[in-house]
Amino acid sequence: MVADYGNVPGIYAAGLYLNGMVAEAALEKIGGRTDDKEAFIQAMRAVTLTDTPRGPFHFDHFGNVIGNFYIRRCERKDGKLVNTTIKTYKDVGQFWTYDEKWFLAQPVYSRDYPPLKG
């Protein structure tokens with residue numbers, strides 16, 4: 001993207017590229033056969049990638065992403081604004097640091113829950 005457009009790719013470009021990497025890995029695993037929908041879904045959920053624009057990546061048993069989460073600071077370098085990673089949280093999933101069973105036992109987040117404190 002730098003060569004073609006003169007800009008460092010952002011999070012949306014990285015996400016789209018990662019989506020393609022996951023699809024490619026799943027298709028390779030099933031030999032490109034997409035006629036068996038369940039086999040393709042299983043192959044997608046089994047994808048584990050170590051070298052992606054967003055770092056290491058895999059899915060949990062619910063089919064949700066587990067990956068690194070980056071805290072960044074916007075800085076000017078060589079006359080351009082860029083994001084500089086200042087902290088990396090490894091293997092972040094949907095439950096973060098919460099116990100999965102406890103989290104799932106809580107009411108669904110809504111306008112009424114958790115109640116407004118005030």
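The values are calculated or read from the model by the stated rules, or taken from the named source; none is laboratory data. None of these values were measured; they are calculated from a predicted model. Cβ: placed from backbone, ideal geometry, glycine included. Neighbour counts: every protein chain shown. Heads up: the accessible areas ignore ligands, DNA and RNA and are worked out on the full protein's heavy atoms, side chains in. Shrake-Rupley method; radii C 1.70, N 1.55, O 1.52, S 1.80 Å.
What to note about this one:
- Within the range 61-72, the set of residues being in contact (Cβ under 8 Å) with a residue 24 or more places away in the chain and exposed (fewer than 14 other Cβ atoms within 10 Å of the Cβ) comprises Phe62, Asn64.
- Pairs, first within 19 Å of Phe62 (Cα to Cα) in the range 98-118, second open to solvent by less than 100 Å² (accessible area, probe 1.4 Å) and assigned to a loop (DSSP other than H, G, I, E, B), C-beta under 8 Å, six or more apart: Phe103/Phe95; Pro107/Tyr113
- Test: residue in the range 34-57 that is within 28 Å of Asn7 (Cα to Cα) and in contact with a Lys or Arg (Cβ under 9 Å, 6 or more places away or on another chain): yes
- For the condition on the phi < 0 side of the Ramachandran plot, modelled with pLDDT of 95 or more and acidic (Asp, Glu), Asp60 qualifies.
- Filtered by the rule that a residue be under 21 Å from Lys77 (Cα atoms) and either small (Gly, Ala, Ser) or modelled with pLDDT of 90 or more (or both), the range 5-53 gives Gly6, Gly10, Ala13, Ala14.
- Subset of the range 99-115 that is among the charged types (D, E, K, R) and at pLDDT 90 or above - its residue that is surrounded by the most Cβ atoms within 10 Å (Cβ to Cβ): Glu100
- When restricted to residues that are closer than 19 Å to Phe95 by Cα and of a type in the set (A, V, I, L, M), the range 12-69 contains 2.
- Residue that is farthest from Ile71 (Cα to Cα) [pool: residues in the range 3-56 that are of a type in the set (Ser, Thr, Tyr) and either in contact (Cβ under 8 Å) with a residue 40 or more places away in the chain or open to solvent by 40 Å² or more (accessible area, probe 1.4 Å) (or both)]: Thr34
- Just so you know, in the range 78-98 the residues that are over 20 Å from the mean Cα position of the chain (by Cα) and either over 30 Å from Gly6 (Cβ atoms) or open to solvent by less than 100 Å² (accessible area, probe 1.4 Å) (or both) include one that is modelled with the lowest pLDDT, and it is Val82.
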